[in-house]
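Comments concern the structure below.
The values are calculated or read from the model by the stated rules, or taken from the named source; none is laboratory data. These figures come from a predicted structure and were not determined experimentally. Note: ideal-geometry Cβ built from the backbone for every residue, glycine included; neighbour counts use all protein chains shown. Surface areas here come from the heavy atoms of the whole protein model, side chains and all, with no ligands, DNA or RNA. Shrake-Rupley method; radii C 1.70, N 1.55, O 1.52, S 1.80 Å.
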Amino acid sequence: MRRTPTSRAFVLSLLALAACQAATGTYRSTVALRHAPREEAVDAEHYALDLVLLPETRELRGTCTLDFVAVAPGVDALELDLEALEVSAVRGAGGAPLEFVQRPGRLRVELGRALEVGEAATVSVDYGGRPVKGLWFVEDGQGGVRQVFTQGECLDSRGWFPCLDYPADRATSELRVELPADWIAVAAGERIDAGETPGGRFERWRMTTPHPAYLTTLCAGDFASVTGEWDGVPLAMYADPRFAAWLPSSFDETDDVLACFSELTGRRYPYAKYAQTCVGNFPFGGMENISATTLTELTLGDELSLRDGGSTSLVAHEAAHQWFGDLLTCRDWSHVWLNEGFATYLTLLYFERTRGVDEFRARMRDTQRSYTRADVGLARRPTVYDVYRAPFDLFFGGHAYPGGASRLHYLRFVLGDEAFFAGVRRYVADHESSAVTTDDLQAAMEAASGRDLAGFFDQWFHHAGYPELEVDWSWDAGRKLVLLEVAQVQAPDHGTPSVFQLEVDVELRVGAQRTLERLVLDERKESFEFPAAVEPVWVRFDKHGALPARVASKKAAREWVALAAEDDDVNGRRDAADALGLLLAREEDPTLRQQVLSALVSRLRDDPHAAVRRAAAESLGRAPAEATTAFLRKAALEDAEASVRVAALDALTGYGASADRAALALEAWEAGYSWNAKIAAAGLYTAAAPREARAWLLDAMSVPSPHGKLQAGLVNKLAGLADEGVVADLVRLAGDASLPAQAREAAANGLGKRARFDRTAREVLLALLDAPDYRLRQAAIENLGKLGDQGALPRLRAELAKSVHSREQRKLEEALEALER
């Protein structure tokens with residue numbers, strides 16, 4: 001009943017890793033393998049956790065009682081996942097001790113007899129220790145702990161309680177936790193009891209909806225709270241008391257979000273409450289723990305932060321997961337896009353419902369671009385993919401989030417709104433509280449639409465890549481026809497189809513008349529003819545941007561000018577503004593150049609959408625300063641959208657030194673419209689007054705901002721200066737523990753760019769490997785790889801050998817490989 005010696009298989013795996021290290025100078029922590037869906041001989045029914053938090057020693061002590069049912073014959077042992085915590089005893093339902101064996105990552109409990117199929121049993125596991133994953137202690141900066149939170153996705157719940165840690169296994173849960181007297185707890189489900197203990201207090205929570213182990217959650221600390229309700233559902237938001245004033249404005253759309261998603265899915269928000277807890281040192285933006293989302297406290301901010309975008313996207317994304325990810329969960333990680341793609345797309349749909357179709361289309365375009373930029377080269381793979389080293393590897397590369405959302409949007413385009421949303425509602429209704437696969441979604445969409453979607457799903461989810469198209473058109477005056485030529489030019493490698501089967505809309509503007517044509521593309525090169533009595537004003541391929549693709553359209557300047565002025569689609573005007581900027585940089589005809597300039601000025605001044613005004617500002621920066629400064633200045637100081645002010649200030653930065661622009665920068669700085677606007681103003685000042693910039697930036701560092709956002713932006717600008725003293729400044733800032741972690745992270749990034757082979761920089765970055773802040777540590781790892789100093793190799797190898805987080809392991813591997821090249 002005690003831990004057994006290290007297994008022979010584990011020793012062999014270490015020897016294999018060592019051999020790989022000897023051969024290459026470094027090693028990879030694992031190799032990519034195909035992962036079949038996990039199946040177990042038992043099904044977890046209910047977890048009851050009784051925990052004691054020991055923040056002084058960063059330890060956990062507890063008992064996990066698991067009710068389970070045998071689903072295969074002859075089950076005489078229970079295998080659970082558990083990492084780095086010591087089991088002291090295991091008991092059966094009547095309290096009788098059970099034999100057990102612990103191996104790395106696993107706990108085997110001998111049940112004493114074989115169970116029949118369908119027979120229920122219970123085991124209780126006493127365990128404890130210092131967690132290395134799954135449960136995080138948040139430092140208070142004075143040697144103590146101010147908060148505790150858990151993070152289970154993908155395989156980290158095993159780091160704080162013994163469980164069946166895979167997404168297809170669902171169980172109800174309850175949690176009792178003892179904690180310091182001045183702390184409160186937030187967990188899944190409802191708080192059903194609370195009281196005092198001799199050493200502090202306790203709380204008990206119960207979750208009656210079955211869920212995977214990775215969604216089990218606990219946050220604890222000295223939290224301030226704001227409460228509310230939506231349609232009878234209690235809402236609660238928590239954060240460190242320092243940030244209490246920012247809670248209401250950061251989460252003020254929560255009720256609207258829940259109402260929107262309840263309507264879209266056809267399923268009212270399914271849990272007894274919804275909590276959102278902001279914690280320090282959270283490694284991601286947010287985590288959709290069932291009924292109790294955890295978020296980084298960096299999302300909280302003041303009025304200036306709200307002008308830079310605020311928390312609405314993050315709030316909506318994590319709330320969407322309460323349906324897609326929690327109520328319906330991917331059966332295995334190869335289908336993780338069902339969680340993340342739906343959450344990303346529902347966030348966009350929320351903006352469509354609350355901000356209008358232009359805002360939705362602009363954000364959808366940004367999402368598509370994010371995907372197509374990421375899914376290239378060796379990163380290319382199918383959306384549904386079961387080859388990986390660790391499940392978290394599937395979350396990066398664009399496939400799960402923007403790639404999944406882009407494909408859902410294209411499916412909506414192909415089916416039409418009525419069938420698509422009926423399919424979403426059917427998918428939710430048919431699979432509530434269950435594990436799902438992409439085939440389940442296909443079946444629901446086919447049932448709702450009456451269409452065979454086998455080809456669509458095979459092409460978009462089980463094959464790799466996306467179309468790359470070249471589009472050109474001409475008008476035949478004699479035949480009164482428009483000839484449209486479309487070529488698919490994507491390279492048929494990495495599993496990318498040579499020919500995609502596509503539906504796409506094309507708009508022809510002939511005189512005042514606009515005609516929309518739906519085309520079917522099924523060949524590598526195709527031509528289409530359309531009648532046109534006169535030459536069209538424009539021919540717009542993929543009119544509303546439904547297609548997840550790269551499209552290169554050949555157009556004359558006059559067509560772009562017309563699109564910029566008159567297209568009713570926000571992305572048509574934005575594409576035109578981008579194209580006109582390129583024309584502005586190379587057009588020699590003065591008359592045409594003035595037309596282009598006027599079109600861009602008009603978009604910057606008059607366009608109703610910020611995305612177009614931003615594009616116009618960026619493009620105007622390619623024209624001579626004397627032609628654009630007045631317009632850019634006005635936008636920088638007066639536009640209602642902070643992002644447009646930033647774009648205008650950035651455009652002016654390209655013009656170099658100037659006393660007038662330095663004065664404008666200071667005016668924008670003092671206006672303080674938003675933190676990003678202040679950072680952009682600082683960037684303009686560094687370009688306009690390069691001699692004074694270093695001293696000014698260092699002095700401006702004294703201006704406080706939420707979480708050091710402004711200081712981090714100023715450090716980024718400092719790192720871009722040519723001044724030889726900058727490296728010393730960055731070394732000092734990176735090592736200054738009194739600065740906000742974001743500012744130190746920016747300094748570390750600056751050293752990676754500016755301080756190659758600098759030993760002092762290497763030493764300060766090595767010291768940051770011991771920083772308690774997760775993001776700061778990741779910045780240190782990444783930038784040690786950029787320094788080029790092989791003196792960091794021994795420490796980085798040691799860090800890789802002990803790292804337990806796959807995301808960090810990848811960064812360490814990349815840094816080691818960069819140094820050994």
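Quick notes
- Close Cβ contacts (under 9 Å, 6 or more residues apart or on different chains) running from residues in segment 743-762 that are of a type in the set (Ser, Thr, Tyr) to residues that are open to solvent by 50 Å² or more (accessible area, probe 1.4 Å) comprise THR760/ALA728.
- Scanning segment 149-165 for residues that are open to solvent by less than 10 Å² (accessible area, probe 1.4 Å), hydrophobic (A, V, I, L, M, F, W, C) and either in a helix (DSSP H, G or I) or over 20 Å from ASP126 (Cβ atoms) (or both) gives PHE149, CYS154.
- GLU641 vs. criteria under 25 Å from VAL551 (Cα atoms) and surrounded by fewer than 22 Cβ atoms within 10 Å (Cβ to Cβ): no
- All positions within segment 637-694 that are in contact with a Gly (Cβ under 9 Å, 6 or more places away or on another chain) and over 18 Å from VAL715 (Cα atoms): ALA642, SER643, ALA647, ALA648, ALA651, LEU652, GLY654, TYR655
- Residue selected from segment 200-218 under the condition surrounded by fewer than 24 Cβ atoms within 10 Å (Cβ to Cβ) and touching a residue at least 24 places away in the same chain (Cβ under 8 Å), by the criterion farthest from ALA272 (Cα to Cα): PHE202
- Qualifying residue in segment 535-552 (condition: of a type outside the set (Phe, Trp, Tyr), more than 25 Å from ARG365 (Cβ to Cβ) and surrounded by 12 or more Cβ atoms within 10 Å (Cβ to Cβ)): yes
- Checked against (1) surrounded by 15 or more Cβ atoms within 10 Å (Cβ to Cβ); (2) in a loop (DSSP other than H, G, I, E, B), VAL117 passes all but a single condition, namely (1).
- Any hit, segment 598-611, residues being crowded, with 24+ Cβ neighbours inside 10 Å, hydroxyl-bearing (Ser, Thr, Tyr) and free of Cβ contacts under 8 Å to residues at least 40 places away in the same chain: no
- Evaluation of PHE631 against the conditions (1) under 26 Å from ARG775 (Cα atoms); (2) touching a residue at least 12 places away in the same chain (Cβ under 8 Å); (3) open to solvent by 30 Å² or more (accessible area, probe 1.4 Å); (4) not acidic (Asp, Glu) shows that the sole unmet condition is (1).
- For segment 95-111, the set of residues classified as more than 11 Å from ALA77 (Cα to Cα), open to solvent by 30 Å² or more (accessible area, probe 1.4 Å) and not basic (Lys, Arg) consists of GLY95, ALA96, PRO97, PRO104, listed by residue number.
- Scanning segment 65-82 for residues that are under 10 Å from ALA120 (Cα atoms), of a type outside the set (A, V, I, L, M) and either surrounded by fewer than 21 Cβ atoms within 10 Å (Cβ to Cβ) or in contact with a helix residue (DSSP H, G or I) (Cβ under 7 Å, 6 or more places away or on another chain) (or both) gives a single hit, ASP67.
- Meets criteria (open to solvent by less than 20 Å² (accessible area, probe 1.4 Å) and within 22 Å of ARG645 (Cβ to Cβ)) for LEU563: no
- Subset tally (residues that are polar (S, T, N, Q), open to solvent by 20 Å² or more (accessible area, probe 1.4 Å) and assigned to a strand (DSSP E or B)) for segment 467-513: 2
- Evaluated against (1) in contact with a Pro (Cβ under 7 Å, 6 or more places away or on another chain); (2) more than 28 Å from SER619 (Cα to Cα), ALA549 falls short on exactly one condition, (2).
- Among residues of segment 176-197 that are of a type outside the set (Gly, Ala, Ser), those with a Cβ under 6 angstrom from a residue that is outside any strand (DSSP E or B) and at pLDDT 95 or above, sequence gap 6+ or separate chain, pair up as ASP182/ASP222; TRP183/ASP222; ILE184/PHE223; GLU190/ALA272.
- The test for being touching a helix residue (DSSP H, G or I) at 6+ places or on another chain (Cβ under 6 Å) and part of a helix (DSSP H, G or I) holds for LEU346.
- Residue match in segment 315-332 (condition: touching a Ser or Thr at 6+ places or on another chain (Cβ under 9 Å), free of Cβ contacts under 8 Å to residues at least 40 places away in the same chain, surrounded by fewer than 24 Cβ atoms within 10 Å (Cβ to Cβ) and outside any helix (DSSP H, G or I)): no
- Just one of the listed residues (VAL101, VAL132, VAL138) is in contact (Cβ under 8 Å) with a residue 12 or more places away in the chain and outside any strand (DSSP E or B), namely VAL132.
- Residue ID - nearest to PHE68 (Cα to Cα), chosen from residues in segment 170-183 that are hydrophobic (A, V, I, L, M, F, W, C) and open to solvent by less than 50 Å² (accessible area, probe 1.4 Å): ALA171
- Matching residues in segment 84-94 - criterion: being open to solvent by 40 Å² or more (accessible area, probe 1.4 Å) and in contact (Cβ under 8 Å) with a residue 40 or more places away in the chain: ALA84, GLU86, SER88
- Once segment 230-255 is narrowed to residues that are of a type in the set (D, E, K, R) and without any contact (Cβ under 8 Å) to a residue 12 or more places away in the chain, the residue that is least open to solvent (accessible area, probe 1.4 Å) is ASP252.
- Segment 522-544, residues that are of a type in the set (Lys, Arg) and closer than 24 Å to GLN459 by Cβ: ARG524, LYS525, LYS543
- Hits in segment 364-405 - residues which are in a loop (DSSP other than H, G, I, E, B), hydrophobic (A, V, I, L, M, F, W, C) and open to solvent by 40 Å² or more (accessible area, probe 1.4 Å): VAL376, PHE396
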